Amino acid sequence: MRKLDNRIATLIRIDEELYEDIKCLAERDNRSINKQIEFILKLYVEKELDVSKDNDKLNQE
């Protein structure tokens, strides 16, 4: 893998129907498909990390 501007180039396989859905969202949001996938992943990871932090706080109380 090679890095591009602090990003790592990866090869992933995506279901064709999911790809088409992402492509529609990317066009709607004026993003490339790659940027759309990166955006979706970032949102998901941030949400999961927030949930984990909240759970850690509850477990500490």
Every pair of residues 6+ apart whose Cβ atoms lie under 6 Å, when the first sits in the stretch 44-61 and is assigned to a helix (DSSP H, G or I) and at pLDDT 90 or above while the second is of a type outside the set (S, T, N, Q) and loosely packed, with under 10 Cβ neighbours inside 10 Å: none
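Could you grab me the full set of residues in the stretch 16-25 that are open to solvent by less than 100 Å² (accessible area, probe 1.4 Å) and acidic (Asp, Glu)?
Glu20, Asp21 - these are the residues of the stretch 16-25 that are open to solvent by less than 100 Å² (accessible area, probe 1.4 Å) and acidic (Asp, Glu).
Return the residue satisfying two criteria in turn: it lies in the stretch 26-56 and is aliphatic (A, V, I, L, M) and under 9 Å from the mean Cα position of the chain (by Cα), and of such residues it is surrounded by the most Cβ atoms within 10 Å (Cβ to Cβ). Can you show your working first?
Taking the stretch 26-56 first, the residues aliphatic (A, V, I, L, M) are 26, 33, 37, 40-41, 43, 45, 49, 51.
If we keep only those that are under 9 Å from the mean Cα position of the chain (by Cα) too, we end up with 37, 40-41, 43, 45.
Numbers: Ile37: 19, Ile40: 13, Leu41: 10, Leu43: 10, Val45: 10.
Per the criteria, the residue is Ile37.
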Checked pairs for the stretch 11-26, first farther than 12 Å from Ile40 by Cα, second modelled with pLDDT under 95 and part of a helix (DSSP H, G or I), C-beta under 8 Å and 6 or more apart or across chains, list as none
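The values are calculated or read from the model by the stated rules, or taken from the named source; none is laboratory data. What you see is a predicted model; the values in this text were computed from it and never measured. In this analysis, Cβ positions are derived from the backbone assuming ideal geometry, glycine residues included, and neighbour counts consider all displayed protein chains. The protein model used for the area step is the full one, side chains on, heavy atoms only, and it has no ligands, DNA or RNA in it. Shrake-Rupley method; radii C 1.70, N 1.55, O 1.52, S 1.80 Å.
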